[in-house]
Amino acid sequence: QVQLVESGGGLAQAGGSLRLSCAASGRTFSSYAMGWFRQAPGKEREFVAGLNWSGGITDYAASVKGRFTISRDNAKKTVNLQMNSLRPEDTAVYYCAGRPYTRLATTTPDYAYWGQGTQVTVSS
C-alpha cells in the first residue's frame, strides 16, 4: 500500500510557474505507475499527466502538453509536476495518484491510491 502527500501548490500569475511534489510511503512505490489529476469547482476530476514505473514513458492531457512536465525519483519516492506558462484555466485542486501496476493509465478508476490534493490558483 502507498500513502501520498502533495505539496507545492499556491498562487501564481498567468505565465508563471509552480512545481508540485508528491511524497510516497511504502516499499512498492518503484513498481507503481503514477499520475497527476486535477479538479476545478463544478467539474469532474481530469487526467493531467502520468508516467510508468520507471518514468521512461509519460503521457499528458492535450491542454497541458508542452507546458507541464512529470517526473519521478524512485530512490526518493517522489513524483513531481513542473508547471510552466500557467493559465487561469489551470486553477484547480491537483491530486497525486498511484496504481499498483507498472503501466501508466489516464482515467481515475485505474488509480487505487490518492493524495488529499493541493490547491493551485492562477490569476490573470
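The values are calculated or read from the model by the stated rules, or taken from the named source; none is laboratory data. All values derive from a computational prediction rather than experimental measurement. Note that we place each Cβ from the backbone using ideal geometry, even for glycine, and neighbour counts take in every protein chain shown. Heavy atoms of the whole protein, side chains included, go into the accessibility calculation; ligands, DNA and RNA do not. Shrake-Rupley method; radii C 1.70, N 1.55, O 1.52, S 1.80 Å.
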Checklist entry - Out of all the residues in region 81-98, which are open to solvent by 20 Å² or more (accessible area, probe 1.4 Å) and within 13 Å of the chain's Cα centre (by Cα)? => result 82, 93, 95
Next on the checklist: If I ask for residues that are modelled with pLDDT of 95 or more and surrounded by fewer than 21 Cβ atoms within 10 Å (Cβ to Cβ), which ones from region 26-40 would you list?
Outcome noted: 39, 40
Next on the checklist: Need pairs with beta-carbon distance below 7 Å; first residue surrounded by 15 or more Cβ atoms within 10 Å (Cβ to Cβ) and within region 50-79, second polar (S, T, N, Q) and assigned to a loop (DSSP other than H, G, I, E, B); sequence gap 6+ or separate chains.
Outcome noted: 50/106; 52/102; 53/102; 59/106; 67/84; 67/85
Checklist entry - How about region 99-124: which of its residues are over 14 Å from the mean Cα position of the chain (by Cα) and open to solvent by less than 40 Å² (accessible area, probe 1.4 Å)? => result 122
Next on the checklist: Given the criteria aromatic (Phe, Trp, Tyr), assigned to a loop (DSSP other than H, G, I, E, B) and either free of Cβ contacts under 8 Å to residues at least 60 places away in the same chain or at negative phi (or both), does residue 101 qualify?
Outcome noted: yes
Next on the checklist: Which count do you get for residues in region 36-56 that are in contact with a Leu (Cβ under 8 Å, 6 or more places away or on another chain) and within 15 Å of residue 82 (Cβ to Cβ)?
Outcome noted: 5
Next on the checklist: Out of everything in region 1-25 that is surrounded by 15 or more Cβ atoms within 10 Å (Cβ to Cβ) and modelled with pLDDT under 95, what residue ends up being farthest from residue 121 (Cα to Cα)?
Outcome noted: 2
